[in-house]
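What follows is a set of notes on a single structure, which appears directly below.
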Amino acid sequence: MRDPAPKTIYLADYTPPAYWVDDVHLTFRLAPSSTRVVSRILFRPNPDAPGPFFLHGEALTTISVRIDGQPVSPTPVEGGIVCDVPDRPFTWEAEVEIDPQANTALEGLYLSGGMYCTQCEAEGFRKITYYPDRPDVMAPFTVRIEGDAPVLLSNGNPSGSGPGWSEWHDPWPKPAYLFALVAGNLVAHRDRFTTRSGRDVELAIWVREGDLHKCAFGMDALKRSMVWDERVYGREYDLDVFNIVAVDDFNMGAMENKGLNIFNASAVLASPDTATDANFERIESIIAHEYFHNWTGNRITCRDWFQLCLKEGLTVFRDQQFSADERSAPVKRIDDVLALRGRQFREDNGPLAHPVRPESFVEINNFYTATVYEKGAELIGMLRRLVGAQAYDRALQLYFERHDGQACTIEDWIAVFEDTTGRDLRQFKRWYSQAGTPRLDVTDSFEDGRYTLHFRQHTPPTPGQPDKDPLVIPVAVGLLAPSGEEVVSTTLLEMTEAEQSFAFDGLSARPVPSLLRGFSAPVILTRSADNAERAFLLAHDTDPFNRWEAGRALAKDALMRMVTDGAAPDAAFIEALGLLLDDDSLDPAFRALALHLPGQDDLAQSLFDAGVTPDPGAIHAACEAMADAMAEVLEQRLATIYDAMQVPGPYSPDASAAGRRALANGALSLLSRRDGAARAATQFAAADNMTQQLAGLAALVRRGRGEDALAAFYDQWRGDRLVLDKWFGLQPGLAQPQDAADVATRLTAHPDFDWKNPNRFRAVLGALAANAAGFHHPSGAAYTLMADWLIRLDPVNPQTAARMTTVFETWRRYDADRQALIADALERIAATPGLSRDTGEMVNRIRG
Ligand code: 0A1
Ligand code: ZN
């Protein structure tokens, strides 16, 4: 039965399960629209929490149910069934029929291009069979698959196979959300790994035959992840096989199912000619992320879905550490902070703000958010900073020892740190329950050799949380002498009060502070620094993150003055940038980041915070004018850099080569404003790798000279779904503001616009929304197009539709006309008959 009216679930209402599961045996008889699932489950009453016997179940046709061999007739109730059961352990046997072919929501068992696959997190297992589909019920699984596909995979180790069947046994108790099954016509890229204690593990990446040449990088990333987790966290793999499968139709990036990770094809497949450097880097981090979940998520899982950050925040933090170790740590930190500010700050400062550990939800799938993931990871980073790296390592070992095989809470997590260090972390825990981005205002004074920093913290109200308490904020600070020399090296100040001062003695002159080094806390720092100080830090700071931050602050200030006062592009900023670009001692990847102007959405938020209603058209114009000025002033330097950064020899996705290409392509984009896009055309035509081909194409399109190249690109790549997604995304993403909605409309009518495929849908509509000036063009055409498509997608794939509604989350920033247009679009979505619980919840929260 489906929910009559969506209801809100509360963390405070948690109760333990009334029945434990000791063993699960599943048999699948696969058929596209009539798959039979037979379950045999050993249940045991939980003496600590007696209650009715309830099993989740959705869209299941019941064929038969038996308890201890005797037929029974369970009673359907909302979301599942209840049944009278004996007051002792018993065996439950059920046979149900499901329809994978009709499953367009891509949750449960579904078909993707003729291949069976599953997605059970968070609550998809209930669409496969009756079960207590909650993460605190953990059990070993044995699975038998019968079907005519040549490859039949499930979790754990293979325990038998024959023509048309295979059997799998997963000895490690797991919650149902980690269940997986794959069946199809697949081939494997194989390898092996020997763990440090000598276990031989067979590794395989399963793909369609035509994709076999795109697996080598993913496999290498997997082996590097396995080595890293042994070395850094002491975590070894625990099965004889580790399988990864690439799937074309997938709602998210990937899924950490035990021993059988399922990946969106875009998150695993890469070859030099089809994937960009950014794609390679993303693949490496997602492979690592899913692999690291084996310990942080699978062996130790979440008690309930409110604890999602327990596995996600920690696993993101671990994958960030891995990428920092494998690549350049400062560049990785800047990338992570850019993503945090771009997505999480936006969420935390709007109607969708929620705590890292939410206290209620209607649809849990709506809480796989930047706050749970990225802010969740920042909380781990802060804890590590506060207790120190060694205590962190000890706390983690205690966590693994104490909680292996358990379903845990944030309280368990905090307790291992308290027990390891003897610290009282109650105040720190507020970070998990208090939503909103804290503001940290800083002033300073200098007298008689004593330099004092005064901090004041406050967190603005967020939905349901009008008042906030002070947080523990680790502020990493360094001080520089006017000569540029560092006089106080990085020191961690621990702020715990609403207002607090910290003094440094013995200074011979007023120093320049370098604050929040390495972005030591996820806050918005406000300080009325002048541009001379920023330029000084850009030139001298020893902390690479803050050096970049100073350049960014200069750029932001210059752009905001252009928007608000009609100022000309700031020559001092461009000159400072030129000096940085010339500094060959700096990593090219770092210089490439400095060359990027702040994003237009970021500028809109900063203007809004400064009390100015942002006009996306004016912001776009300012960024264009700034880029023109940068290109004009720096033309010679950019040309030199472009030539110097060319990477000889065959393509390699390594960080150093990728950094050189990033800088060359940053230069190319600006130079195209001066050379009629001649270099871009040459690069596009000559490129032997996707990074350069796409950068050439983007520069041509930006300059309005992309028509032929777009056609050539389409002809070349029409047979490759992942590359075609780039073609679909690039056009609305780079269109002129007045054209963006038309370009997107045209693309949605293209024969290759397979809108039921989440990647393709996101390529066009996500890219349109990312084009801030185009999406917010005063005509409102993009809002209408977006609403039309969300209404169309919702009944087919509620999860992807609901996520896409976040394109409207910033609507309160804008002027009355735009707000009215967006309100209409939201109203229209909300009024759609039969709207899903997913999209309904999101639209209601966004409307506020
Ligand atoms: N746990 C996965 C992400 C994921 C979450 C939800 C999904 O369906 C609702 C699918 C995947 C991860 O963190 O990688
Ligand atoms: Zn994850």
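How much mean residue ellipticity at 222 nm does the chain get from its helices, if each DSSP H run of length 4 or more adds -39500 (n - 2.57) and you divide by all residues, to the nearest 500 deg cm²/dmol?
-12000 deg cm²/dmol
Given the C-alpha centroids of the range 99-143 and the range 583-647, what is the distance between them in whole angstrom?
When both Cα centres are located, 46 Å separates them.
In the range 488-583, with Lys and Arg counted as +1 and Asp and Glu as -1 at Cβ, which of these residues, S528, T490, G551, has the Cα nearest the positive end of the dipole, that is, farthest along it?
Selected residue: G551.
Which of rounded, prolate, oblate describes the range 1-74, given a ≥ b ≥ c as roots of the alpha-carbon gyration tensor eigenvalues and a/c under 1.5 marking rounded, otherwise prolate only if a/b is larger than b/c?
Verdict is oblate for the range 1-74.
Tell me, how many Å apart are the Cα centres for the range 170-197 and for the range 674-706?
The range 170-197 and the range 674-706 have Cα centres separated by 42 Å.
Using just the alpha carbons, could you tell me how many Å³ per residue the convex hull of the chain encloses?
It is 160 Å³ per residue.
In whole Å, what are the Cα extents of the range 669-828 along the three principal axes, biggest one first?
Largest first, the range 669-828 extends 49, 34, 20 Å along its Cα principal axes.
Any idea what angle helix 655-671 forms with the longest principal axis of the chain, computed on alpha-carbon atoms, 0 to 90 degrees, nearest 10?
Orientation of helix 655-671: about 50 degrees from the principal axis.
Multiply the residue separation of A625 and D688 by 0.36 nm, subtract the distance between their alpha-carbon atoms, and state the gained length in nm to one decimal.
Length gained between A625 and D688: 19.4 nm.
Do any trypsin sites (Lys or Arg not before Pro) in the range 151-251 lie in a loop, going by DSSP, with at most 13 other beta-carbon atoms within 10 Å of their beta carbon, and if so which?
When the trypsin sites (Lys or Arg not before Pro) of the range 151-251 are filtered for loop state and at most 13 Cβ neighbours within 10 Å, R196, R199 remain.
Just report the Cα centroid separation between the range 723-777 and the range 231-288, whole Å.
26 Å
So which chymotrypsin sites (Phe, Trp or Tyr not before Pro) in the range 722-753 end up in coil per DSSP with only 12 or fewer other C-beta atoms within 10 Å?
Listed in order of number, the matching sites amount to none.
Any chance you could give the angle, 0 to 90 degrees and rounded to 10, that helix 216-233 forms with the longest Cα principal axis of the chain?
90 degrees
For the range 47-168, calculate the relative contact order in percent as a whole number, restricting contacts to Cα pairs under 8 Å that are 6 or more residues apart.
For the range 47-168, the relative contact order is 21 percent.
Classify the range 109-159 as rounded, prolate or oblate, taking a ≥ b ≥ c as the square roots of the eigenvalues of its Cα gyration tensor: rounded when a/c is under 1.5, otherwise prolate if a/b is larger than b/c and oblate if not.
Oblate, because a/c is 1.5 or more while a/b does not exceed b/c.
Mind checking the angle between helix 781-793 and the chain's longest principal axis? C-alpha axes, 0 to 90 degrees, to the nearest 10.
That works out to roughly 10 degrees.
For the range 771-819, with the dipole built from +1 on Lys and Arg beta-carbon atoms and -1 on Asp and Glu ones, taken about the Cα centre, which of T800, Y814, H776 lies farthest toward the positive end?
My answer, from the dipole projection, is T800.
Determine ³J(HN,Hα), in whole Hz, for all residues of the range 543-558 in sequence, where each value follows from phi through the Karplus function 6.51 cos²θ - 1.76 cosθ + 1.60 and θ = phi - 60°; x replaces Gly and Pro.
Karplus-based 3J(HN,Hα) across the range 543-558 equals 8, x, 4, 6, 5, 5, 4, 5, x, 5, 4, 4, 5, 5, 4, 5 Hz.
For the range 257-271, just list the computed ³J(HN,Hα) in residue order, Karplus coefficients 6.51, -1.76 and 1.60, θ = phi - 60°, integers in Hz, with x standing in for Gly and Pro.
After applying 6.51 cos²θ - 1.76 cosθ + 1.60, I find 2, 4, x, 9, 6, 10, 10, 4, 3, 5, 9, 9, 8, 7, 9 Hz.
Could you tell me the number of lysine pairs in the chain with C-alpha atoms less than 23 Å from each other, where the two lysines are 8 or more residues apart or belong to different chains?
Lysine pairs satisfying the spacing and distance rule in the chain number 21.
Could you work out the longest stretch of the chain that avoids the GluC sites (Glu not before Pro) located in DSSP loops with at most 16 other Cβ atoms within 10 Å?
Answer from the scan: 498-848.
Loop only per DSSP, at most 14 neighbouring Cβ atoms within 10 Å: give me the trypsin sites (Lys or Arg not before Pro) in the range 29-135, ordered by residue number.
none
What distance in nm lies between label points placed 7 Å from Cα along the C-beta direction at A644 and Y14?
Between A644 and Y14, the simple spin-label model gives 5.6 nm.
Read-outs: derived from the displayed coordinates by stated rules, not from any lab. All of these numbers come straight from a predicted model, not from anything done at the bench. Note: ideal-geometry Cβ built from the backbone for every residue, glycine included; neighbour counts use all protein chains shown.
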